[in-house]
1. Please state the shape class of the chain: rounded when a/c is under 1.5, otherwise prolate if a/b exceeds b/c and oblate if not, all from the C-alpha gyration tensor.
2. Using heavy-atom solvent-accessible surface (probe 1.4 Å) with all chains present, what is the largest-first order of 159, 50, 108?
3. What shape does the range 97-174 take by its C-alpha gyration tensor, where a ≥ b ≥ c are the square roots of the eigenvalues and a/c under 1.5 counts as rounded, a/b above b/c as prolate, and the rest as oblate?
4. With a 10 Å radius around each residue's Cβ, average the other Cβ atoms per peptide and rank 12-21, 166-175, highest first.
5. Report the local net charge at residue 155: Lys and Arg +1, Asp and Glu -1, summed over other residues whose C-beta lies under 13 Å from its C-beta.
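The values are calculated or read from the model by the stated rules, or taken from the named source; none is laboratory data. These numbers were taken from a predicted model, which means no experiment stands behind them. All Cβ positions, even for glycine, are placed from backbone atoms using ideal geometry, and neighbour counts span all protein chains on display. Just so you know, the surface numbers come from the protein's heavy atoms only, side chains and all, with ligands and any DNA or RNA stripped out. Shrake-Rupley method; radii C 1.70, N 1.55, O 1.52, S 1.80 Å.
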Amino acid sequence: NGSGSAPQNVAHNLTVTPELMIVKYRDGATNWYVYHSALGNTKADYLDTDTVPNTSAVFWNNTSPTATQFTLGSFASGSGKYIAYLFATLAGISKVGSVVHSGTTNVDCGFSAGARFVLVKRTDSTGGWYVWDSVRGIVAGNDPYFFLNSTAAQVTNTDYIDPLASGFTLTSSFTAGTYIFLAIA
């Protein structure tokens with residue numbers, strides 16, 4: 001619940017420092033705010049847009065999360081209900097990270113059987129929130145994906161990602177740039 005003032009410290013039970021946080025105000029129409037450790041505590045991206053990350057203290061009050069709490073800036077100064085999803089790297093299970101991609105880029109997540117879910121967002125330019133998963137197929141060939149920031153149907157005729165035993169591979173067909181990601185084994 002929002003306190004009605006900012007900044008607001010919010011306790012969590014993740015037991016480690018979140019590397020990726022997705023926060024949404026549920027009592028009104030607002031963006032989904034995204035914190036990523038590679039962007040730092042002065043920037044946020046929006047899960048529902050394809051924009052470049054924004055710099056402002058209104059997001060996280062320029063305060064990094066800890067293993068026990070995270071801080072919301074004035075974007076969350078209203079009273080009402082919020083929801084927050086917190087993610088961190090857990091060896092062999094999940095990996096939160098960033099990658100500079102050009103050509104073919106192997107992303108080693110420390111997994112033993114590859115990634116089953118991959119969320120990728122470009123941060124040095126505009127770009128959508130790509131989602132691939134093993135149910136639709138992460139294969140050596142065309143891999144269906146969809147964008148979290150769009151209502152468009154999934155795309156099925158591109159080969160942007162390939163399997164890698166320790167994580168995933170961004171292919172040379174995928175646009176070069178700097179990306180943040182969440183991968184789950």
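1. prolate
2. Order by accessible area, largest first: 108, 50, 159.
3. oblate
4. 166-175, 12-21
5. Cβ neighbours under 13 Å give a net charge of -1.
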